[in-house]
Amino acid sequence: MNVYNNCDNKIISLEDAANKIKSGDNVWAGGYLSVPVYFLQELSKNASELEGTTLYAGLLTYPYEFLKPEYLGHLNYNSLFMGPLEKKFQHGGNAKIVPYHLSNADEVLKQANCNVSVIEVTPPNAAGYVSLGACGGVGNKYGLESSELVIGIINEYQPFIANEDNLIHVDEFDFLAIGNHPIAGPKPEQPGQIEKNIADHVLPLIPNGSTIQIGIGTISNALGMGLVNHKDLGIHTEMFTESMMELCKLGVINGSRKNYKPNKIVAAFAAGSQELIDFVDGNDNIEIGDVCVVNDPVEIAKNDNFVSINTCIMVDLTGQVASEGIGHQQISGSGGQVDFVRGARMSNNGLSIIALASTHTDKKAGTVDSTIKLALPAGTPITTLRNDVQIIVTEYGYADLRGLTTNARAQELIKIAHPDFRNELIEQAKAVGLL
């Protein structure tokens, strides 16, 4: 019996799918939960036989053999968002970062000239359409458009999210293979007191009826948990998260006051626990859209009263924000932070907020350092320009930098730095003429 609705003529084994990749190919393999795990495991077995093949993907969740340095030149890996695994292989390994804004994923993939796309999809429905699943909005449209060879890896654990942008007919695939595996992760880490204190300073800045975007991490989780007493919030976000799901279930997020796409939860992808995957599966209120549209600042700004809340690693005394790396060590990616910062600024009554803890503890060295600095370390990529920054928040309060001189910015940022470092920052600022 054919359980996949007349697709028998397209179904091949994972091994055969991997054998379709040839030397010199540029392969798009999706992002995060769209990455075809079992296919890439098979491809790793052939990697040493390839020459000059390049793989484009992002935020890998499995330590593939091809990430080791001996595969450089055979199967090169270019990451569109560096996660913990890729970070381990960026120096002396086989992982390189591509810096870009997620709203420009179309340009990146056009330049990559991917002639092959291999992505995870759901089983087809009765009409022959598969869903691109939880992370279908992250570049898949453009990878598929440019590819001469398109392979879908059917994973029954992918949620069927059925808005138009997230559907594709099986006729568009050259081959299909089956690679079922769970995609859910654990429940997020519970926020600590510092994260809760940061959230306490952010929450009053979010009016009832706002449409919001929240980033990821423990600070973001604390914000989500803190919004339980808000009313009639809407969502237009890059990633649909666990805390957003909880707020939907409580009725806090209902989209009733959204002026643009009312009642719809708009996101480019969703990721989280099995509870979250089940929540988005078949949910007609969830719209997983093309990331180049969802993250377009002009599109974001169509939402009145839009509040963007993101996090960062450190900030300098003039308001330059580093969110993706320190020095020449890449930690993650810029993602859509700048997209949403700018979209919020363009929104009618919009607001952009960037939050961080005031200190960082180096567990190996046993040292504590301020995350608010006179200057960012040499080589540190600036994610959000000081000209775009509006409000910076720590556990000690918030600094509204709008319209301030660089001198006044330094004063306001020192006020929200950790008390143990304020005097040092004052002396440093005086030495360079900022105070």
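Under the condition of being farther than 22 Å from L223 by Cβ and under 18 Å from the mean Cα position of the chain (by Cα), which residue from region 292-301 is surrounded by the most Cβ atoms within 10 Å (Cβ to Cβ)? Show your work before the answer.
Start the filter on region 292-301 by keeping residues that are farther than 22 Å from L223 by Cβ, which leaves 292-293, 296, 298-299.
Those still in the list that are under 18 Å from the mean Cα position of the chain (by Cα) too: 292-293, 296, 299.
Working: C292: 24, V293: 17, D296: 20, E299: 20.
Result: C292.
Give region 358-391 a look and list any residue that's hydrophobic (A, V, I, L, M, F, W, C), modelled with pLDDT of 95 or more and assigned to a loop (DSSP other than H, G, I, E, B), or say none.
Across region 358-391, the qualifying residues are L374, A375, L376, A378, I382, L385, V389.
Go through (1) of a type in the set (A, V, I, L, M, F, W, C); (2) out of contact with any Pro (no Cβ under 9 Å at 6 or more places or on another chain); (3) surrounded by 21 or more Cβ atoms within 10 Å (Cβ to Cβ); (4) free of Cβ contacts under 8 Å to residues at least 40 places away in the same chain one by one and return the number of the condition A222 breaks.
With respect to (1) of a type in the set (A, V, I, L, M, F, W, C); (2) out of contact with any Pro (no Cβ under 9 Å at 6 or more places or on another chain); (3) surrounded by 21 or more Cβ atoms within 10 Å (Cβ to Cβ); (4) free of Cβ contacts under 8 Å to residues at least 40 places away in the same chain, A222 is out only on (2).
Considering region 392-435 alone, what residues qualify as being in a loop (DSSP other than H, G, I, E, B), β-branched (V, I, T) and surrounded by 15 or more Cβ atoms within 10 Å (Cβ to Cβ)?
Within region 392-435, just I416 meets the criteria.
Here is a list of conditions, (1) aliphatic (A, V, I, L, M); (2) under 21 Å from the mean Cα position of the chain (by Cα); (3) over 29 Å from N125 (Cα atoms), and L203 meets all of them except one; can you say which number that is?
Condition not satisfied by L203: (2).
Could you list, in sequence order, all residues of region 302-323 that are closer than 30 Å to I426 by Cβ, surrounded by fewer than 23 Cβ atoms within 10 Å (Cβ to Cβ) and touching a residue at least 60 places away in the same chain (Cβ under 8 Å)?
Selection gives C312, M314, D316, T318, Q320.
If I go through region 126-173 residue by residue, how many of them are free of Cβ contacts under 8 Å to residues at least 60 places away in the same chain and part of a strand (DSSP E or B)?
Adding up the residues that qualify gives 8.
Residues to consider are V338, V315; find the one that is within 28 Å of G433 (Cβ to Cβ), touching a helix residue (DSSP H, G or I) at 6+ places or on another chain (Cβ under 9 Å), aliphatic (A, V, I, L, M) and modelled with pLDDT of 95 or more.
Being within 28 Å of G433 (Cβ to Cβ), touching a helix residue (DSSP H, G or I) at 6+ places or on another chain (Cβ under 9 Å), aliphatic (A, V, I, L, M) and modelled with pLDDT of 95 or more holds for just one of V338, V315, which is V315.
Could you tell me whether Q213 is outside any helix (DSSP H, G or I), in contact with a strand residue (DSSP E or B) (Cβ under 6 Å, 6 or more places away or on another chain), under 30 Å from S323 (Cβ atoms) and polar (S, T, N, Q)?
Details: outside any helix (DSSP H, G or I): yes; in contact with a strand residue (DSSP E or B) (Cβ under 6 Å, 6 or more places away or on another chain): yes; under 30 Å from S323 (Cβ atoms): yes; polar (S, T, N, Q): yes.
Yes: the conditions hold for Q213.
When the residues of region 99-119 are filtered to those that are part of a loop (DSSP other than H, G, I, E, B) and out of contact with any helix residue (DSSP H, G or I) (no Cβ under 6 Å at 6 or more places or on another chain), which remaining residue is surrounded by the fewest Cβ atoms within 10 Å (Cβ to Cβ)?
Here the residue is N113.
Looking at A29, A57, A47, can you tell me which residue is buried (at least 20 other Cβ atoms within 10 Å of the Cβ), assigned by TED's automatic domain parsing to the domain that holds C135, part of a helix (DSSP H, G or I) and at pLDDT 95 or above? Full working, then the answer.
Details: A29 fails: part of a helix (DSSP H, G or I); A57 fails: part of a helix (DSSP H, G or I).
A47 is the lone residue from the list that is buried (at least 20 other Cβ atoms within 10 Å of the Cβ), assigned by TED's automatic domain parsing to the domain that holds C135, part of a helix (DSSP H, G or I) and at pLDDT 95 or above.
Can you tell me how many residues within region 180-200 are within 30 Å of P124 (Cβ to Cβ) and touching an Asp or Glu at 6+ places or on another chain (Cβ under 7 Å)?
Result for region 180-200: 1.
The values are calculated or read from the model by the stated rules, or taken from the named source; none is laboratory data. Treat the numbers as computed from the prediction; the structure is a model and nothing was measured. As a convention, Cβ positions derive from the backbone with ideal geometry for all residues, glycine included, and neighbour counts pool all protein chains shown.
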